[in-house]
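The values are calculated or read from the model by the stated rules, or taken from the named source; none is laboratory data. Bear in mind that the values here come from a model prediction, so they are computed numbers and not experimental data. Positions of Cβ are backbone-derived with ideal geometry, glycine not excepted, and every protein chain shown enters the neighbour counts. These area figures cover heavy atoms from the full protein model, side chains too; ligands, DNA and RNA do not enter into them. Shrake-Rupley method; radii C 1.70, N 1.55, O 1.52, S 1.80 Å.
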Amino acid sequence: MSPVKPEPIQLFNTLTRSVANFEPIKAGQVGLYSCGPTVYSYAHIGNMRSYIFADVLRRTLEYLGYKVNHVMNITDVGHLTDDADAGEDKLELGSRREGIDAWAVARKYTEAFFAHAAMLGIKKPTVVCKATDYIPEQIGMIKDLEQRGYAYLTEDGVYFDTSKFPTYADFGRLDVEGLQSGHRVDARDKRNKTDFALWKFSKPEDHRCMEWDSPWGRGFPGWHIECSAMSMKFLGSQFDIHTGGVDHIPIHHTNEIAQSEASTGKSPFVRVWMHGEFLVVDDSAKMSKSSGQTLTVQALADAGYYPLAFRLLALQCHYRKQLKFSYESLAGAQRGYERLSNLAQRALAEAGAKPQQLKWSDAAEKYRQQFRAALAQDLNMPQAVATLYSLLEDSGLSAAERVSLVAEMDQVLGLDVFTPMPSVGTVPPELTAMLDERNQARTAKNWGRADELRREIDARGYEICDSPQGSYLKKKL
């Protein structure tokens with residue numbers, strides 16, 4: 001059970017580049033905003049790692065006694081293929097790719113995102129807001145910026161004048177003078193290299209599905225304005241925590257801060273900024289749709305992996321460290337998950353009852369405090385998971401204590417270890433074993449045996465897919 005008075009927690013704040021005690025604006029209440037997905041394609045597991053991080057943050061705050069209002073946007077318009085406010089709207093690109101209109105693309109991938117999130121045990125935010133539902137609020141904010149002298153008109157839209165905001169470079173620690181012309185923004189008729197679009201005009205030849213009338217001309221909002229307008233609508237002109245990926249720091253979140261504080265005259269816009277690191281497939285490349293290195297939660301399940309094993313893998317790496325993904329590490333996490341699940345269900349059977357609150361023994365309370373201490377140290381989830389393993393293997397605790405402790409800790413971990421693991425994927429276990437043997441043969445340069453196993457797998461109706469992340473099996477159509 002959560003305590004009546006919220007417990008203290010320390011969080012790393014990108015704004016200050018330091019860990020500090022968290023103090024919400026309103027005692028006991030937290031306004032939390034997370035940058036959501038751009039729904040033009042399936043979210044890959046690198047994206048989903050960011051949402052696991054935000055989910056763990058929310059669960060931790062609630063566990064420690066805070067009331068959390070968690071708001072997340074759905075970007076269904078305005079996110080261009082080029083961060084320099086050039087290129088094509090990703091939703092329009094998806095429309096052409098799939099032969100359906102952009103609205104249908106957005107619906108399809110929004111539904112897919114939440115289905116995949118559910119597979120990973122991610123709680124739905126308190127508020128989910130789509131950019132296309134709040135166009136009037138975005139136009140209103142641009143009007144405010146124009147009246148305050150921060151916005152100007154160009155041939156292709158309305159832009160924010162970053163030179164009018166003296167602290168623009170501070171958050172991202174940007175070397176504005178050193179930026180190459182056009183590196184951040186196409187500088188043809190922009191006043192400054194770092195100026196960014198608030199509203200883009202539609203071009204007749206583009207035949208856009210999504211466009212609206214505005215005081216400046218028919219068009220659509222820039223990517224950054226939606227987060228400022230919607231976060232302030234639901235959380236106020238200043239709120240507690242904003243999450244996202246580290247790639248948001250130099251552009252998206254820097255621009256959010258500038259336009260938000262310029263429009264209200266209040267600083268700071270957000271007290272604590274928190275950013276999750278990349279999931280990487282090697283030392284230099286992050287997983288992204290543009291790199292072609294994409295892997296979805298459903299693809300993991302189809303390959304025979306339990307989605308909550310990926311959640312466990314993510315929890316075993318601190319959110320501020322890069323997670324190096326491989327099928328070997330995922331297989332290890334799956335074995336670890338099976339172990340946790342078996343231990344938890346064995347304790348439940350031994351206890352003979354559902355989880356219940358107990359008067360803790362000193363030994364049980366020690367585990368409880370270790371878990372809370374790990375959470376309070378900037379979400380040290382690897383240590384929290386290690387505590388879970390330790391208590392489940394501690395025969396000195398009664399079964400009832402183990403059950404109750406696990407049930408409490410799983411409020412944060414979200415691993416659902418008391419539910420028997422369902423069968424996942426379509427790959428028979430003997431074929432998975434053959435794939436493992438084939439990979440070992442390749443490592444040993446036993447090419448003959450590797451080819452023999454490939455042919456055997458092929459004859460069983462499956463193909464081996466080799467990728468930078470590893471190998472997996474896919475049923476042939």
(request) Collect residues whose amide H, placed 1.01 Å from N in the peptide plane, falls under 5 Å from the amide H of GLY245; neighbours closer than 5 in sequence don't count. (result) GLY276
(message) Test of understanding: what is the full-extension gain from ILE100 to PHE114, defined as 0.36 nm times their sequence separation minus their Cα-Cα distance?
(response) 3.0 nm
(message) Between LYS324 and ASN342, what is the label-point separation in nm under the 7 Å Cα-to-beta-carbon projection?
(response) 2.8
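Pairs LYS200/LYS321; LYS200/LYS266; LYS123/LYS190: which are spaced more than 30 Å apart, C-alpha to C-alpha?
Values: LYS200/LYS321 36 Å; LYS200/LYS266 26 Å; LYS123/LYS190 42 Å.
Pairs exceeding the cut-off: LYS200/LYS321; LYS123/LYS190.
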(request) Could you work out how far apart the two model spin labels at ASP189 and ALA27 are, taking each label as a point 7 Å from the Cα in the direction of the beta carbon, and quote it in nm? (result) 5.6
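I need to check one value: relative contact order of the chain, counting alpha carbon pairs closer than 8 Å and at least 6 residues apart, in percent.
On the way: 779 pairs, mean separation 77.4, N = 477.
So the answer I get is 16 percent.
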(message) For a test of understanding, tell me how many lysine pairs in segment 1-121 have Cα atoms under 21 Å apart, given they are 8 or more places apart or on different chains.
(response) 4
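Just to verify a number: FRET efficiency for ASP206 and GLU452, C-beta to C-beta distance, R0 = 41 Å, to 0.05? Kindly include the intermediate steps, with their values, before the conclusion.
Working: r = 54 Å, r/R0 = 1.31.
It comes out at approximately 0.15.
Between GLU393 and ARG107, what's the calculated FRET efficiency when r is the beta-carbon distance and R0 is 41 Å? Round to 0.05.
Details: r = 46 Å, r/R0 = 1.13.
For R0 = 41 Å, the calculated efficiency reads 0.35.
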(message) As I understand it, the dipole of the chain uses +1 on the Cβ of Lys and Arg and -1 on the Cβ of Asp and Glu, about the Cα centre. Which of ALA262, ASN380, LEU435 lies farthest toward its positive end?
(response) ASN380
(message) Testing the spin-label approximation: label points 7 Å from Cα along Cα→Cβ at THR16 and TRP360. State their distance in nm.
(response) 2.8
(request) Quick one: which residues, 5 or more positions from SER214 or on another chain, have an amide H under 5 Å from its amide H? H modelled 1.01 Å from N in the peptide plane, none for Pro or chain starts. (result) GLY219
(message) So with the 1.4 Å probe, I'd like the accessible area per residue for segment 300-347, rounded to whole Å².
(response) 37
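Among 447-456, 223-232, 71-80, 102-111, how do they line up by average Cβ neighbours within 10 Å per residue, starting with the highest? If you can, show how the numbers build up before the last one.
Details: 447-456: 14.2, 223-232: 26.0, 71-80: 23.0, 102-111: 18.4.
Highest mean packing first, the order is 223-232, 71-80, 102-111, 447-456.
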(request) Order THR243, THR264, most accessible first, counting only protein heavy atoms with a 1.4 angstrom probe. (result) THR264, THR243
(message) Using the Cα centre of segment 1-117 as the reference point, and only Cβ charges (+1 on K/R, -1 on D/E), how large is the resulting charge dipole? Debye, rounded to the nearest 20.
(response) 560
(request) Using a 10 Å cut-off on Cβ atoms, rank the peptides 359-369, 408-418 from the highest mean neighbour count down. (result) 408-418, 359-369
(request) May I ask which residue of SER390, ALA117, GLY31 lies farthest towards the positive end of the charge dipole of the chain, with charges of +1 (Lys, Arg) and -1 (Asp, Glu) on Cβ and the Cα centre as origin? (result) SER390
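Could you work out how much longer the chain between ALA386 and GLU155 gets when fully extended? Use 0.36 nm per residue separation minus the Cα distance between them, nm to one decimal. Let's see the in-between values first.
Values: separation 231, 0.36 × 231 = 83.16 nm, distance 5.73 nm.
Once the chain is fully extended between ALA386 and GLU155, it gains 77.4 nm.
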(request) Using a 1.4 Å probe over the heavy atoms of the protein chains, calculate the carbon and sulfur portion of the accessible area of the chain as a whole percent. (result) 49
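Please give the charge dipole size of the chain, origin at the Cα centre, charges +1 on K and R Cβ atoms and -1 on D and E Cβ atoms. Round to the nearest 20 debye. Intermediate results must be reported in sequence, preceding the final value.
Details: 56 positive and 61 negative charges, 172 e Å.
Its charge dipole is roughly 820 debye.
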(request) Please sort through the DSSP H helices of the chain and keep those with an alpha-carbon extent of at least 20 Å along the long axis and a Kyte-Doolittle average not below -1.0. (result) 45-63, 102-119, 327-351, 362-376, 399-413
(message) Give the aspartates and glutamates whose C-alpha is closer than 15 Å to that of LYS233, dropping any in the same chain fewer than 8 places away, or say none.
(response) ASP133, GLU137, ASP144, GLU256, GLU261
(request) Would you please name the trypsin sites (Lys or Arg not before Pro) within segment 115-181 that are DSSP coil residues with at most 12 other C-beta atoms within 10 Å of their C-beta? (result) ARG173
